[in-house]
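To keep things clear, I will list the structure first and then write my remarks on it.
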Amino acid sequence: MSQKSTLELIQSRKPRFAMDPEVYNSDVVYQDDLQYIWYATWIFAGHTCELKKAGSYMTLQIGDSPIVVVRDSDGEIRAYHNACAHRGHRICTEERGHAARLVCPYHRWTYDYKGGLVFAPNMGEGFDTKDFSLKPVHVGIAAGYIYVCLADEAPDFENFKSSMEPFVNPHKPEKMKVAHMTTGIEEGNWKLVFENNRECYHCDSNHPELLRSYQENNAVAGLDGDNDPELNAFLDKCEAGGMPSRLVIDADGQFRMTRIPLSHGASSYTMDGKPAVKSMRTDDSGVDNIGALLYFHYPNTWNHWMGDHAVSFQMLPLGKNKTQLVTRWLVPEDAVEGVDYDLDHLTHVWIQTNAQDAALVAECQIGTQSPGYQPGPYSDIEENGVCQFVDWYCDYMTKKLKPIIPLKTVAS
């Protein structure tokens, strides 16, 4: 039996149903995902506050492409394919660090921050360093978030930037720092990881820590917001304080931003619902509790901004059934651990939630490989967010994969 193409698998999906299991298990689909999504769209790489000084760098792996992101001597953030122009050795092998120059460990080929080769020992006469610069990668900056794009021609970034910055900028992201960061591996396809994030149908039975402060709100999926007086009063209050809060969705569904109230009077994602950080970056809004700003950008990030701190999530595929999840907790840059915040109080909820989600994703991955599994319908009440993500994926990939039928020529 011949293997179905990615387009055939996507087109076989019933509306508001889960996708064919081969969408998560096929090598062909995974390669199509890399080519048309991960190598072609804007990917969240990290925060500008992680690269404070010239020479500060971070690395990430996007599919088969190692990338290095560095701040140059002029303060500009640049990104390059992390492969020496000599014989391909990775130039920066650590996750992050500081370098006076970008030096390949293999043969000491040395590059400046602008990607130019400045030193290559024992290459002989006639060798011109100008011919062997690093290959650049597109960079986009929005409210302290660094995005990179591997495509030869990057898609528009300004629409996302202009939509997202009014929501995040009131939190003063340029005055934040990463207080803690974890890197975990989820044994599942990247789409299963994002699908799990986009619904809280599973929360009652799996996330007791998170539910101390978080409550599902259909307004995040663009539903029922206009018919909820309590939500509208909350949004009016936040917006009157200069905090944009009402839902903004990309026309193609790739990104969205909205603010939601937290449950039980909580003001932060902590076990007691109280702020994790004493110094508040949004005190000047005049709003006593701004809830949580949720912002999503497919394919690889979701984010929560509260009045005291923020949590950003970065997802990267390591294989068709393996996904890396990096979680960063951001606090005001002048906050001192042990004085202004307790690390366990700050991180406990999401450390537990991430571990619980990783177990759920792994079980879904196993289950989708069963010959007895058939995709089921999404809940009209609880799974509108995950349906929106799957709709985006199917629509996006259909546009990329659908064959272009040439116009018939009329014989003269």
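The values are calculated or read from the model by the stated rules, or taken from the named source; none is laboratory data. Quantities reported herein were computed from a predicted structural model and do not represent experimental measurements. Cβ sites come from the backbone with ideal geometry, for glycine too, and all protein chains shown count toward neighbours. These accessible areas exclude ligands, DNA and RNA; they are computed on the full protein's heavy atoms, side chains included. Shrake-Rupley method; radii C 1.70, N 1.55, O 1.52, S 1.80 Å.
Computed quantities for the displayed model
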{"read-out": "The chain: Cys lacking any partner C-beta under 4.7 angstrom", "value": "Cys49, Cys92, Cys149, Cys238, Cys364, Cys387, Cys394"}
{"read-out": "Listed residues Val137, Val28 arranged by accessible area, highest first, probe 1.4 Å", "value": "Val28, Val137"}
{"read-out": "Share of carbon and sulfur in the accessible heavy-atom surface of segment 35-149 [1.4 Å probe, %]", "value": "47 percent"}
{"read-out": "Built amide H within the under 5 Å cut-off of His138, gap 5+", "value": "Cys149"}
{"read-out": "Candidate residues His89, His98: accessible-area rank, largest first, probe 1.4 Å", "value": "His98, His89"}
{"read-out": "Solvent accessible area, Å² - Lys135, 1.4 Å probe, full protein context", "value": "140 Å²"}
{"read-out": "Solvent-accessible surface ranking, highest first, for Glu230, Glu333 at 1.4 angstrom", "value": "Glu230, Glu333"}
{"read-out": "Axial C-alpha extent at least 18 Å, average Kyte-Doolittle at least -0.5 - helices from the chain (DSSP)", "value": "343-368, 384-401"}
{"read-out": "Cβ charges +1 (Lys, Arg) and -1 (Asp, Glu), total dipole of segment 293-400, debye", "value": "800 debye"}
{"read-out": "Prolate/oblate/rounded label for the chain (Cα gyration tensor, a/c 1.5)", "value": "oblate"}
{"read-out": "Magnitude of the charge dipole, segment 130-255, Cβ model with Lys/Arg +1 and Asp/Glu -1, debye to 20", "value": "700 debye"}
{"read-out": "Accessible area in square angstrom per residue, the chain, 1.4 angstrom probe", "value": "46 Å²"}
{"read-out": "Local electrostatic count, Asn159, Cβ distance below 14 Å [Lys/Arg +1, Asp/Glu -1]", "value": "-3"}
{"read-out": "Residue-level accessible surface for Thr398, protein heavy atoms, 1.4 Å, Å²", "value": "30 Å²"}
{"read-out": "Exposure of Ser26 as accessible area (Å², to 10), given a probe of 1.4 Å and all protein chains", "value": "0 Å²"}
{"read-out": "Carbon/sulfur fraction of accessible area - segment 235-308, other protein chains in place, 1.4 Å, %", "value": "50 percent"}
{"read-out": "Length-normalised contact order for the chain - Cα pairs under 8 Å, 6+ apart - percent", "value": "19 percent"}
{"read-out": "Shape of segment 249-351, Cα gyration tensor, a/c cut at 1.5", "value": "oblate"}
{"read-out": "log₁₀ of I(q)/I(0) at q = 0.12, 0.15, 0.16, 0.20 Å⁻¹ - segment 70-211, Debye sum with one point per alpha carbon", "value": "-0.75, -1.03, -1.10, -1.31"}
{"read-out": "Shape of segment 143-287, Cα gyration tensor, a/c cut at 1.5", "value": "rounded"}
